[in-house]
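The values are calculated or read from the model by the stated rules, or taken from the named source; none is laboratory data. Bear in mind the structure is a predicted one, so any value in this text is a computation, not a measurement. Heads up, the Cβs are rebuilt from the backbone with ideal geometry, glycines too, and the neighbour counts pull from every protein chain shown.
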Amino acid sequence: MLGEVTELVGHPPTRTESHRRGLRARPVRGRDRIRAAAAARVVTDHGTFGWICDLFVLPQRRGVGLGKALVAAIGDHPDLSDLKRLLRVTADAHGLYTPYGFHALRSPDRWLERNGPTI
């Protein structure tokens, strides 16, 4: 699955692997129980802030609710449920997140971003 995720997000395998080592990720296994069918990764300070930086479902496993199950599990996780702010940036999956309380930024004028040379 790492190769497919790498291809999806456009990061080289070494960078993606180092991210996986440094952060907790939870795979969701398919019915065959052998291969991960979906995964999500959250970066948090365990106090006030969290960011769902990755949520991926294998193309052949999409449409059966795995993404919804991951978003629900993130929202229900005891380490994340009391955060003041949980963010997700998405180009096209807003409909997946809005039923779980996600909405457009209330104060986008307060947010800044710094883009690296490859973005």
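Residues of the range 60-75 being touching a helix residue (DSSP H, G or I) at 6+ places or on another chain (Cβ under 8 Å) and either aliphatic (A, V, I, L, M) or farther than 16 Å from Thr48 by Cα (or both), which ones?
Answer for the range 60-75, where residues must be touching a helix residue (DSSP H, G or I) at 6+ places or on another chain (Cβ under 8 Å) and either aliphatic (A, V, I, L, M) or farther than 16 Å from Thr48 by Cα (or both): Gly67, Lys68, Val71, Ala72.
On the basis of being at pLDDT below 90, out of contact with any Leu (no Cβ under 8 Å at 6 or more places or on another chain) and acidic (Asp, Glu), does Asp45 make the cut?
no
Cβ-Cβ below 7 Å, separation at least six or inter-chain, first residue in the range 76-95 and within 14 Å of Thr48 (Cα to Cα), second part of a helix (DSSP H, G or I): which pairs?
Leu80/Ile74; Ser81/Gly75
For residues that are of a type in the set (D, E, K, R) and in contact with a Phe, Trp or Tyr (Cβ under 8 Å, 6 or more places away or on another chain), scanning just the range 78-119, find the one that is farthest from Val57 (Cα to Cα).
Of everything passing the filter in the range 78-119, Lys84 is farthest from Val57 (Cα to Cα).
Starting from residues that are modelled with pLDDT of 95 or more and of a type in the set (Ser, Thr, Tyr), keep the ones in the range 90-106 and report whichever is surrounded by the fewest Cβ atoms within 10 Å (Cβ to Cβ).
Per the stated criteria, the residue is Thr98.
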